Amino acid sequence: MALAAARRVLLHAGSRLGRREALDGARRFANKRVLVEMEDKAGVAVMKFKNPPVNSLSLEFLTEFVISLEKLENDKTFRGVILTSDCPGVFSAGLDLTEMYGRNPAHYAEYWKAVQELWLRLYLSKLIIMSAINGASPAGGCLVALTCDYRIMADNPKYTIGLNETLLGIVAPFWFKDNFVNTIGHRAAEHALQLGMLFPPAEALKVGVVDEVVPEDQVFSKTRSVMAQWLAIPDHSRQLTKSMMRKATADNLIKQREADIQYFVSFVSRDSIQKSLQVYLEKLKQKRG
């Protein structure tokens, strides 16, 4: 109920911002954690993550992101979306572990439902979704990138990408795994998931986690160039093909969505998992301090 109410408030606020900031064929609207720049003539919108310091996927971020994407999908002007970061050096650090530690079961359930919703919305979107990965992208940040139709990463050895959940003492859910297997193949995914591997750009390209690696100052321009190629394809045939390729994977979550939420709540509530999260969060606190 709280999540639905928040979505209604933010959607109303976003509509007002969108109308007020129209200028020269380009518009923008912003919630607190997501900035959307819309170029009507090109039919492309840019969604910038701005949830500093590391664009963690907090409940508030997830809610605002889904609302922003929903607005774009309901506006027939737009055919493509580019996801990128407004925070230097990081695309997204993934799930907000503070949402998973020291809370009650109802909060864990609400949070996980929001994570599911983000993935389903992106994975099944009829829009062309591309990621301009301009920073580190571990765990949930990698998942966001994996939902995209095309991924371009900055060639900076400090940036890594991968599903590293095992390093945190937790397990990537089956639908994370399914998306990963579909992208890089079963054996490579099994290897990477068990070891919690984080790939620097060249290795990410080699294994297929990303589609291209380009100099950091060319990430966005290259993504725009590739987007133009995809926009040349008729929407109806591309959308039907995308659905054909992805529907079975998405349905695997949809048909057991509630069971997945209950499993997550049970898993994250375990004393051993709470202890692992506590240790990791304390290390992060000391590192930042």
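The values are calculated or read from the model by the stated rules, or taken from the named source; none is laboratory data. Just so it is clear, the structure is predicted and the values come from calculations on it, not from any experiment. Positions of Cβ are generated from backbone atoms using ideal geometry, with glycine treated the same way; all protein chains shown enter the neighbour counts. Keep in mind that these areas ignore ligands, DNA and RNA; they rest on the heavy atoms of the full protein, side chains included. Shrake-Rupley method; radii C 1.70, N 1.55, O 1.52, S 1.80 Å.
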request  = Please name all residue pairs, on different chains or six or more residues apart, with Cβ atoms under 6 Å, provided the first residue is in region 246-263 and is among the aliphatic types (A, V, I, L, M) and the second residue is open to solvent by 50 Å² or more (accessible area, probe 1.4 Å).
outcome  = 250/124; 261/113
task = Looking only at region 261-271, decide whether some residue is at pLDDT below 95 and open to solvent by less than 40 Å² (accessible area, probe 1.4 Å).
result = yes
ask   = Are any of the residues in region 68-82 open to solvent by less than 10 Å² (accessible area, probe 1.4 Å) and over 24 Å from residue 244 (Cα atoms)?
value = yes
ask   = For region 143-230, which fully contained helices (runs of 4 or more DSSP H) count at least 1 residues that are closer than 27 Å to residue 44 by Cα and either over 18 Å from the mean Cα position of the chain (by Cα) or aliphatic (A, V, I, L, M) (or both)?
value = 201-207
inquiry  = Criterion first (over 15 Å from the mean Cα position of the chain (by Cα), in a loop (DSSP other than H, G, I, E, B) and over 20 Å from residue 219 (Cβ atoms)) does residue 98 satisfy it?
reply    = no
ask   = Just one of 243, 225, 221 is farther than 22 Å from residue 89 by Cα and without any contact (Cβ under 8 Å) to a residue 60 or more places away in the chain; which is it?
value = 225
task = Kindly indicate which of 143, 168 is closer than 15 Å to residue 65 by Cα and either polar (S, T, N, Q) or in contact with a Phe, Trp or Tyr (Cβ under 9 Å, 6 or more places away or on another chain) (or both).
result = 143
query = Can you tell me which residue in region 230-260 is surrounded by the most Cβ atoms within 10 Å (Cβ to Cβ), limited to those that are of a type outside the set (A, V, I, L, M, F, W, C) and under 24 Å from residue 56 (Cβ atoms)?
reply = 260
message = Suppose we filter 105, 88 for residues that are over 14 Å from the mean Cα position of the chain (by Cα), closer than 29 Å to residue 155 by Cβ and open to solvent by 10 Å² or more (accessible area, probe 1.4 Å); which single one remains?
response = 88
key: Among residues of region 75-130, those that are free of Cβ contacts under 8 Å to residues at least 60 places away in the same chain and of a type in the set (S, T, N, Q), counted   = 5
ask   = With 169, 185 as the choices, which residue is on the phi > 0 side of the Ramachandran plot, open to solvent by 10 Å² or more (accessible area, probe 1.4 Å) and modelled with pLDDT under 95?
value = 169
